[in-house]
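See structure below.
The values are calculated or read from the model by the stated rules, or taken from the named source; none is laboratory data. Bear in mind that the values here come from a model prediction, so they are computed numbers and not experimental data. Cβ placement follows ideal geometry from the backbone for every residue including glycine, while neighbour counts extend to all protein chains displayed. Accessible surface areas use protein heavy atoms only, side chains included; no ligands, DNA or RNA. Shrake-Rupley method; radii C 1.70, N 1.55, O 1.52, S 1.80 Å.
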Amino acid sequence: MSIAILKYNAGNIRSVSHALERLGAEGIITDDEKLLRSADKVIFPGVGEAETTMQYLRSHGLDTILKSLTQPVLGICLGQQLMCRHSEEGDADCLGIFDVPVVRFQPEAWQDKVPHMGWNTITDCKGPLFKEFSKPEFVYFVHSFYVPVCEFTAATTEYIVPFSASLHKDNFYATQFHPEKSGSVGERILKNFLEL
């Protein structure tokens, strides 16, 4: 199986590669169109800022390539946000795969820290990424912006408000949390993605 990890101006790409290695799989980090289109699976990881990342994707034609992929694609963290329509972070127009906005957490009490950082539970899990998930599980988050619960929501988390911890539409899957940093639960999710 060939797994392409999208290479762009984002941090954290290597940790996704290492997580795949722990599962006995190997990902190639690339921005080559031919390799992206021919891969069995594509992972769109991300730690960064929405506006500058979208500018980079557009300037390298990666926005058009990503939207047209037909194999399973997994967006992680910023990857999930950039698959949405628009982000409040930098007032950025994004890929529009999921027709929903990305908005900033608004603290409602003194204990509401932004970014939302650390372990939290995912609930209401549905779809193939969460095959055999029957109870709330803990995963690792680091983010200041979120996708509201919507028709594409595949898992939910609550922090200040309920939000989409995961999205799914057709061949596009996404997680706001970092499966590569979420221990055995994250490994199960990545394994489910690889088995699609």
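For this structure, a couple of remarks:
- Leu35 being in contact with a strand residue (DSSP E or B) (Cβ under 6 Å, 6 or more places away or on another chain), open to solvent by 20 Å² or more (accessible area, probe 1.4 Å) and at pLDDT 95 or above: yes
- Checked against the criterion of being closer than 22 Å to Arg104 by Cβ and either of a type in the set (Gly, Ala, Ser) or modelled with pLDDT of 95 or more (or both), the stretch 132-139 has at least one qualifying residue.
- Among the residues examined, Lys41 qualifies as basic (Lys, Arg), modelled with pLDDT of 95 or more and surrounded by 14 or more Cβ atoms within 10 Å (Cβ to Cβ).
- Residues in the stretch 60-94 that are assigned to a helix (DSSP H, G or I) and either on the phi > 0 side of the Ramachandran plot or not hydrophobic (A, V, I, L, M, F, W, C) (or both): 7 in all.
- Residue count for the stretch 167-196, restricted to those that are in contact with a His (Cβ under 8 Å, 6 or more places away or on another chain), within 19 Å of Leu82 (Cβ to Cβ) and not acidic (Asp, Glu): 2
- Residues in the stretch 95-131 that are in a loop (DSSP other than H, G, I, E, B) and in contact (Cβ under 8 Å) with a residue 60 or more places away in the chain: Ile97, Lys131.
- Filtered residues of the stretch 141-155 (kept if touching a Ser or Thr at 6+ places or on another chain (Cβ under 9 Å), among the hydroxyl-bearing types (Ser, Thr, Tyr) and open to solvent by 20 Å² or more (accessible area, probe 1.4 Å)): Tyr146
- Search result, residues across the stretch 78-94 that are open to solvent by 10 Å² or more (accessible area, probe 1.4 Å) and either in contact with a Gly (Cβ under 6 Å, 6 or more places away or on another chain) or free of Cβ contacts under 8 Å to residues at least 24 places away in the same chain (or both): Arg85, His86
- The criterion of at least 2 residues that are over 21 Å from Ile13 (Cα atoms) is met, among strands (runs of 3 or more DSSP E) falling completely within the stretch 134-196, by 137-143, 153-159, 161-169.
- Looking at Phe138, Phe105, just one residue is surrounded by fewer than 21 Cβ atoms within 10 Å (Cβ to Cβ) and in contact with an Asp or Glu (Cβ under 9 Å, 6 or more places away or on another chain), and that residue is Phe105.
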